[in-house]
1. If the only charges are +1 at each Lys and Arg Cβ and -1 at each Asp and Glu Cβ, what is the size of the charge dipole of region 325-391 around the Cα centre, to the nearest 20 debye?
2. Net charge near A312, counting Lys/Arg +1 and Asp/Glu -1 over other residues with Cβ under 14 Å of its Cβ?
3. For Y152, Y415, what ranking results if the residue with the fewest other Cβ atoms within 10 Å of its Cβ goes first?
4. Lys and Arg at +1, Asp and Glu at -1: add these up for the other residues within a Cβ distance under 11 Å of M107 and post the number.
5. Which residue, I408, A312, T370, has the largest displacement toward the positive end of the dipole of region 241-419 when charges sit on each Cβ (Lys, Arg +1; Asp, Glu -1)?
6. Considering only the other residues whose Cβ falls under 11 Å of the Cβ of L298, what net charge follows from Lys and Arg at +1 and Asp and Glu at -1?
7. H441 versus M273, label points 7 Å from Cα toward the beta carbon: distance in nm?
8. Output the peptides 358-364, 218-224, 65-71, 171-177 sorted from most to least packed, where packing is the average of other Cβ atoms within 10 Å over each peptide's residues.
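Computed from the coordinates by the stated procedures, all read-outs in this text should not be read as laboratory data. What you are looking at is a predicted structure, and each value in this text was computed from that prediction instead of being measured. With ideal geometry, Cβ positions are generated from the backbone for all residues, glycine too; neighbour counts draw on all protein chains shown.
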Amino acid sequence: MAECPSRIQENTERHRPQRAQDSGDRYRSQRANVAQEEDSGDYLFSIGETTSAKSSDIWLVDSGATQHMTCSKKFMRNYKGFDAVDVHLADDGIVQAIGSGDIVMSMKTPQGMKKGVLTNVWHIPKLSRNLFSVGRFTKDVGPVTFTKDGCYGEAKGTKWKIGAREGKGLFKLQMTPVAPEQANAAKSSGCQGGTKSYLWHLRLGHIGHDGLNCIVTKNIGIGIDISSVKKWDVCEGCALGKQTRVRFQSNTTARTSKLLEVIHSDVCGPMSMATFSGKRYFVTFIDDKSRYCVVYLLKSKSEVAAKFMEYAAMAETQTGKRVKYLQSDNGGEYKSDKLARFCAERGIQQRFTPPYTPQLNGVAERMNRTLVECARCMMEHAGLGKSYWGEAVMTAMFLRNRCPTRAIHQDKSPYQVWTMKKPILANLKVFGCHAYVQVPHVEKTAAVKKTPRQAASSVEASGRPSLAIPVGTGMYQ
């Protein structure tokens with residue numbers, strides 16, 4: 001727990017000689033540095049005088065803690081347990097961290113109330129107070145300065161108070177954790193800023209304002225119940241999910257005039273977490289004219305050839321056209337003998353980009369980025385774990401095909417160019433929202449008959465909760 005600057009210096013001078021003489025402590029400190037990267041080993045943090053009451057809701061600013069730490073996981077999202085890690089206190093006591101997650105914090109800044117996210121917060125049940133790590137904040141955000149009345153954080157030229165001095169050298173954090181259910185309830189209410197525009201922003205996979213406005217003003221979809229699009233406040237899911245670098249230079253290659261003349265493809269992965277069916281990759285196939293995208297989830301890159309055969313059969317049957325060119329990068333999955341033989345037999349020419357030039361395969365690269373951003377936004381908003389990335393990507397594909405894109409005329413969506421029909425949007429629900437499933441009559445037992453509908457958020461026999469996902473995606477694995 002943090003102390004005032006004079007006491008911090010006193011503490012440092014008092015303990016530094018001991019650590020220099022004690023090889024065990026010195027080794028332990030080195031292990032702490034390694035643990036910070038590998039989530040294993042030992043951690044060190046300081047302890048000061050505690051306040052009179054013990055509470056899991058109190059956060060103290062700690063200049064000696066190497067990690068944000070909490071004694072309760074009630075405010076944590078994306079929680080992940082791990083093997084117990086010893087955390088050594090400055091008084092030679094030892095407690096254990098058993099998991100980590102993210103915590104949304106509400107804070108007062110010169111620009112008003114804002115929300116931020118403390119990432120990789122360690123869960124230590126036996127900790128008497130929650131600890132805000134000055135070192136972690138300095139590394140992730142910006143410098144922290146201590147004064148007589150409090151401590152201040154600084155980022156991008158803005159300075160705000162993060163802790164108030166309380167009693168004997170302690171600083172209490174002036175940020176309030178937001179419970180996941182409260183955040184989800186506020187975000188799922190659908191009327192941020194008093195409009196329905198935000199609800200449709202969520203329903204359409206966090207579509208941008210211009211895209212939603214195009215759907216409404218040009219009557220692209222059926223079932224939209226708003227006549228005009230109003231600006232909504234900053235969407236937390238978008239803020240966390242759409243952070244990118246500056247894009248590559250625009251591609252000036254001429255567009256094709258017929259369906260299936262050119263198919264762009266790229267593989268994305270491996271993901272850090274497998275889906276419930278063991279998939280770690282996904283491959284996209286995008287028609288150049290319509291920008292209609294089809295996604296397949298993969299266990300390994302070696303499945304690309306089989307999935308392209310499946311895609312070609314489906315696309316040619318639906319459109320009555322033939323695939324002429326397959327454009328991809330130089331990855332080994334696209335140069336396999338199996339895929340080469342199939343393309344040769346069907347008269348399909350393969351186009352490969354030079355090595356290390358992903359921008360030359362920009363259509364597929366950009367689509368993968370769009371799908372991942374959309375999936376990340378929806379998962380962040382729904383508070384779901386990383387294992388749901390497969391469902392989120394497939395849902396993102398379903399929604400992106402039904403939303404306008406600058407790559408084609410703004411008065412049509414890829415789905416409309418591909419099928420010559422307007423997409424029906426009236427049945428869309430927010431990804432991850434609660435739903436109720438009716439039990440078929442033949443499967444009802446005496447106990448279930450009194451409750452013919454069950455919450456979709458309950459756990460299925462497979463061990464995972466149900467999701468509200470659009471019907472008709474057709475390619476869930």
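1. Numbers: 9 positive and 8 negative charges, 32 e Å.
Dipole about the Cα centre, nearest 20: 160 debye.
2. Details: positive: K307, K321, R322, K324, K338, R341, R346; negative: E261, D287, E310, E316, E345.
Charge balance near A312 sits at +2.
3. Details: Y152 15, Y415 23.
By the 10 Å Cβ count, ascending: Y152, Y415.
4. On the way: positive: K108, K114, K115, K161; negative: none.
Charge balance in the 11 Å sphere: +4.
5. Positive-end residue among those listed: I408.
6. Numbers: positive: K279, R280, K299, K301, K307; negative: E303, E333.
Net charge in that neighbourhood comes out at +3.
7. Result: 4.1 nm between the two label points.
8. On the way: 358-364: 18.9, 218-224: 15.6, 65-71: 23.3, 171-177: 20.7.
Top to bottom by mean Cβ count within 10 Å: 65-71, 171-177, 358-364, 218-224.
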